[in-house]
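A short worksheet on the structure shown next.
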Amino acid sequence: MDRLSTSASLMIVSDLDFTMVDHNDPENVSLLRFNALWEAYYRHDSLLVFSTGRSPTIYKQLRNEKPLLTPDITIMSVGTEIAYGESMVPDYGWEQCLNLNWDRDIVAQETSKFPQLIPQSDTEQRPHKVSFFLEKTESLEVIKALSERLEKRGLDVKIIYSNGTALDVLPKGAGKGQALVYLLKKFEADGRIPLITLVCGDSGNDAELFTIPEVYGVMVNNAQEELLQWHGENAKNNPNIIHSSERCASGIIQAIGKFTLGPNVSPRDIGDFRKCRIDIFSPAHEVVKFYLFYERWRRGEVEKSDQLMQNLKSSFYLFGSFVQPSGTEQPINKCIDMMESLYGDKQGKQYQVWLDRVTAAQIGSNAWLVKFDKWESSGEICLTLFGCLFCPL
Ligand SMILES: [Mg+2]
């Protein structure tokens with residue numbers, strides 16, 4: 001919450017499964033396109049918020065399996081848990097709001113009377129969320145009867161059915177939409193309300209995100225019927241909500257372009273970096289570009305030429321160095337020499353490099369310290385932590 005001292009230029013609030021993450025795309029092409037765009041252009045002055053139905057346990061599992069960036073804020077368990085930063089500091093104020101008129105034991109008693117409700121795993125049962133699997137064909141009838149029973153017991157609850165399979169019972173004031181409203185109020189109280197907010201989703205539990213006034217919204221191309229139907233009935237005349245023609249994270253990039261919210265060409269979409277110069281020098285952009293070139297070099301996807309290497313050394317990185325976590329520095333020229341021998345060693349392999357948490361600080365008239373986490377995957381994901389000091393010509 002405190003990373004930025006002023007209003008974020010853009011806040012993206014995105015669901016994860018089948019919105020940010022395409023589980024049908026084993027190479028994570030669209031997610032990596034989004035990552036490069038975010039780190040090159042947005043990380044320094046914008047906020048990334050993940051809003052997921054996942055509990056903390058299975059959210060962390062997903063982060064180990066997929067090349068997800070570190071969000072500034074994580075909203076989990078269908079808007080019932082909010083956490084800040086890398087260390088995921090919980091928002092206790094939000095938990096207290098949710099205690100209002102909520103009694104988990106009564107929910108457990110009443111739901112146990114429905115044999116159609118199959119409890120989800122223990123990790124998914126949370127202080128303010130009780131979760132089940134439920135067949136689509138039985139969903140309408142069960143939801144109606146359960147609502148009546150809980151109302152009779154004096155509880156204010158919200159029942160959300162998603163993906164045609166999952167049913168969550170939450171306090172009335174919970175949910176992805178309410179959690180976002182709470183966050184926006186907090187920002188407003190600090191005088192730091194984001195200039196623009198874009199919400200992104202694919203299923204029923206995301207619908208609430210699209211009801212918040214003055215936010216832009218994208219339902220990704222692969223959105224579930226339940227969300228599209230909700231949109232048709234409730235929001236079809238809202239020009240700030242689109243149904244993208246691209247899947248998952250590529251749909252988010254498409255929405256950034258459609259609403260002209262900022263740069264929308266991912267550095268991953270640039271074939272030849274020599275032709276890619278931006279108007280204002282940005283160290284984050286340069287570092288993202290460098291590692292994309294590094295990935296392509298090792299995959300043997302760029303032409304092997306001494307000239308290219310010379311250009312790389314002489315143009316941007318003449319006096320630069322890499323800073324290891326230990327503090328030791330290694331001249332960038334030396335690293336590029338080493339890189340030369342790695343040409344094509346990952347050819348034909350699923351080798352990917354991405355950066356996370358890129359921050360840049362100007363430490364001299366022509367010197368920048370750029371910090372970032374560099375991740376590599378050759379099937380298994382591993383972290384090589386690096387910073388880099390460089391002095392562009
Ligand atoms: Mg989803």
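Tabulated data for the structure shown
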| read-out | value |
| --- | --- |
| Residue ID - surrounded by the most Cβ atoms within 10 Å (Cβ to Cβ), chosen from residues in the stretch 208-227 that are polar (S, T, N, Q) and either within 16 Å of the ligand (Cβ to nearest atom) or under 16 Å from Leu261 (Cβ atoms) (or both) | Gln224 |
| Any chance Glu148 is surrounded by fewer than 21 Cβ atoms within 10 Å (Cβ to Cβ), in a helix (DSSP H, G or I) and charged (D, E, K, R) | yes |
| Conditions (1) in contact (Cβ under 8 Å) with a residue 24 or more places away in the chain; (2) under 15 Å from the mean Cα position of the chain (by Cα); (3) more than 16 Å from the ligand (Cβ to nearest atom); number of the one not met by Met76 | (3) |
| Only one of Asn238, Asn205 that is within 16 Å of the ligand (Cβ to nearest atom) and either at pLDDT 95 or above or not in a loop (DSSP other than H, G, I, E, B) (or both) | Asn205 |
| Criterion (among the small types (Gly, Ala, Ser), closer than 21 Å to Gly177 by Cβ, modelled with pLDDT of 95 or more and outside any helix (DSSP H, G or I)) met by exactly one of Ala223, Ala255 | Ala223 |
| In the stretch 167-193, residue nearest to Leu47 (Cα to Cα) [restricted to those that are over 22 Å from the mean Cα position of the chain (by Cα) and surrounded by 14 or more Cβ atoms within 10 Å (Cβ to Cβ)] | Gly173 |
| Enumeration of residues in the stretch 1-44 that are away from the ligand (no atom under 16 Å from the Cβ) and outside any loop (DSSP other than H, G, I, E, B) | Met11, Val29, Leu32, Arg33, Asn35, Ala36, Leu37, Trp38, Glu39, Ala40, Tyr41, Tyr42 |
| Residues that are within 15 Å of the ligand (Cβ to nearest atom) and closer than 24 Å to Asp2 by Cα, drawn from the stretch 172-202 | Gly175, Lys176, Gly177, Val199, Cys200 |
| Count of residues meeting criterion [loosely packed, with under 12 Cβ neighbours inside 10 Å, closer than 21 Å to Ala36 by Cα and not charged (D, E, K, R)] in the stretch 331-384 | 5 |
| Residue list for the stretch 319-331, filter: under 31 Å from the mean Cα position of the chain (by Cα) and not in a loop (DSSP other than H, G, I, E, B) | Ser321, Phe322, Val323 |
| Residue in the stretch 262-274 that is within 16 Å of the ligand (Cβ to nearest atom) and among the aromatic types (Phe, Trp, Tyr) present | no |
| Counted residues, the stretch 83-122 - those being exposed (fewer than 15 other Cβ atoms within 10 Å of the Cβ) and touching a Lys or Arg at 6+ places or on another chain (Cβ under 9 Å) | 7 |
| Where Lys289 falls short, out of the listed (1) away from the ligand (no atom under 16 Å from the Cβ); (2) within 17 Å of the chain's Cα centre (by Cα) | (2) |
| Of the criteria (1) touching a Leu at 6+ places or on another chain (Cβ under 9 Å); (2) not assigned by TED's automatic domain parsing to the domain that holds Arg54, which one Ile196 fails | (2) |
| Which numbered condition Gly164 fails, given (1) part of a helix (DSSP H, G or I); (2) within 16 Å of the ligand (Cβ to nearest atom) | (1) |
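The values are calculated or read from the model by the stated rules, or taken from the named source; none is laboratory data. If you're wondering where the values come from, they're calculated on a predicted model, not measured in any experiment. Note: ideal-geometry Cβ built from the backbone for every residue, glycine included; neighbour counts use all protein chains shown.
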